[in-house]
1. Give the Rg/Rh ratio for the range 23-84, taking Rg as the radius of gyration of the Cα atoms and Rh as the Kirkwood radius, to two decimals.
2. For the chain, what mean projected area does the convex hull of the alpha carbons give, in nm²?
3. Ranked from highest to lowest mean number of other Cβ atoms within 10 Å per residue, what is the order of the peptides 278-286, 112-120?
4. Full-extension gain between GLU250 and ASN107, please, as 0.36 nm times their residue separation minus the C-alpha to C-alpha distance.
5. Need one number: % antiparallel among DSSP beta bridges in the chain, to the nearest 5.
6. For the range 72-152, with equal point scatterers placed on the C-alpha atoms only and solvent neglected, what are the log10 I(q)/I(0) values from the Debye formula at q = 0.19 1/Å, to two decimals?
7. Counting pairwise Cα distances across the range 144-187, what percent come out greater than 13 angstrom?
8. Subtract the Cα-Cα distance of LYS142 and ASN280 from 0.36 nm times their separation in residues, and report this length gain in nm to one decimal.
Amino acid sequence: MAQNRLSFSFHLNLTDQQKIRIGACAWSFEDWCGAFYPADLPDSHWLEFYARYLPAVEVDSTFYGAPAENTVRRWVEMTPAVFRFACKLPREITDACRLRDCSAELNSFLRAIEPLAPKLQVILIQLPPSFAPKEGKPALRKFLAQLPRDFRFAVEFRHVGWHRPQIIRLLEKHRTCWVWADTSPLNERNLAPFEFLPRTTDFIYLRLLGDYATKYSVDGGHLHRYEKLLWKREAALESWSLKIERHLSEVRNVWTFVSNHFEGFAPETCQRLAQRLGFNLPLPSETERVLSDQERSQLDLQL
């Protein structure tokens, strides 16, 4: 059924394709060496290689603290002009301050990422599950009011209590995106995600995160290597592609970021979603994942 839809009824024109950016939630994964990156590629060149194949990335490292200026400038320099970033607001603001009395921290972070501005599309405000409306509504209201207009923001709520009409109206008022996030349990991977998903601004921000219970064992060790698809979520990908298709004419952009935990290997999930949306997203071939001796020598000279 899905193949028929793709083959006969869903063909994106170039303009619609350009609205959609699909990428991974970060790029620094050792497990990708040999599976996505060339096995001998130094990690300092991973982003440069990543940007040859995927048009956008969500920067996870900014959640742990503001990046150094030279780091940000390097991100800009080593990616093509058309490449785009999203980045997380630091946890100091979302988890420690819980959006309260954090103007200094917010301004400091915005200054740190200023060099990224030409390529920075969205700043993600990822709220902790313990951040509930009863205590958090006044803080959220005040926080959104102080956000600068020269950046776009998206809020990910992880407490179900936020799904209220007044919160939707609040985000609409401040041109802030309500993040669509799929954290469906692994044992429900064959079910399409059905829930109310408000669209509050002129872009969509979708995070395919998967089941974080698949990440760590009880003793904190990693359960899997993320170098290939481990479990397919066909129904979910079909459902999300239909949701994107339904809203495409109403928005300026669709940003979709995929975690390894969703299907086991984010680059291939990105490719699989693109295929459902009617366009190709080629990944590096086996030949491209093998560096020649000459290429290794050139990289050594650059380093």
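What follows draws every value from the coordinates through simple rules; no lab data is involved. Being a predicted model, the structure only gives us computed values, none of them experimental. Backbone-built Cβ (ideal geometry, glycine too); neighbour counts: all protein chains shown.
1. On the Cα set of the range 23-84, Rg over Rh gives 0.94.
2. Details: hull surface 67.2 nm².
Its average projected convex-hull area is 16.8 nm².
3. Highest-to-lowest ranking by the protection proxy: 112-120, 278-286.
4. So the extension gain works out to 48.3 nm.
5. 5 percent
6. -0.84
7. Value for the range 144-187 (Cα pairs over 13 Å): 60 percent.
8. Extra length from LYS142 to ASN280 when fully extended: 45.4 nm.
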